[in-house]
Amino acid sequence: MVAARTLLMVLVLTWTSGCSYAPPPKRQADICQVFSQYPDWYDYAVKSQRQWGTPVHILMAFVRHESSFRSHAKPPMRWLLLIPLGRPSSAKGYAQAQDPVWGEYEAERGRLFRSRSDMEDALDFVGWYNHKTWRELGIARTDAHRLYLAYHEGRGGYRRGTWKKKPQVQRTAKRVAATAAAYKAQLAKCESRFRCDSWYQVWPLCR
């Protein structure tokens, strides 16, 4: 029993010690620089793309505009004079996923070791959400602008057209689409550098 407890503690400590969070990339406007700084992020994005269908450049554009690649991002605290009133939503992490939809995601994908502050989980979440948007609303998974409107407002809000009365949301959706287009063009010139860059990837399976 003691040996089992000791082993469990070692496993937990090993796992938590690997959960140090990376600072945001220095050059976020260039996806080649982002992946050069964090090559594992490329692998995570490709994995999500293969699972759910949203292209790498759109996944990364979502994360950039949701959190500026900050692992513990949260909406700003609201204040009344010196009295904290709380945050406007429960959104947090790379993908700014809110509690209800993150709970739905965990129920489908499993809760064990999943975190909104983990890039692999965040990219899987964005891909999963956009896959559902495509199935329910028919929005192409290559349409970054409309996908983001449905992501921000929720699929029900998108159906009701809530975004039509929110100029800021519309502007952000346009910026997401512009970033996705820039990332796509940049990635076309550098993506070959990030394929087969890990010991477990074997050519031609990782092409």
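A short reminder: the numbers here are calculations on the coordinates, not readings from a lab. Given the structure is predicted, the values throughout are model-derived calculations rather than measurements. Note that each Cβ is placed from the backbone with ideal geometry, even for glycine, and that neighbours are counted across all protein chains shown.
Tabulated data for the structure shown
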| item | result |
| --- | --- |
| Whether the stretch 23-188 is rounded, prolate or oblate, judged on the alpha carbon gyration tensor where a/c under 1.5 counts as rounded | rounded |
| Which listed pairs, of Lys47/Lys164; Lys132/Lys174; Lys92/Lys164; Lys26/Lys184; Lys47/Lys184, have C-alpha distances above 23 Å, in listed order | Lys47/Lys164; Lys92/Lys164 |
| Cα-centre dipole for the stretch 23-188 with unit charges at Cβ (Lys and Arg positive, Asp and Glu negative), debye to 20 | 740 |
| Ordering of 165-173, 43-51, 126-134 by burial proxy (mean other Cβ atoms within 10 Å per residue, highest first) | 126-134, 43-51, 165-173 |
| Using a Förster distance of 35 Å, the FRET efficiency for Arg159-His72 (Cβ separation, nearest 0.05) | 0.65 |
| All-pairs Cα distance distribution in the stretch 98-165, expressed in whole percent, bin size 5 Å | 4, 16, 28, 22, 17, 9, 3, 0 |
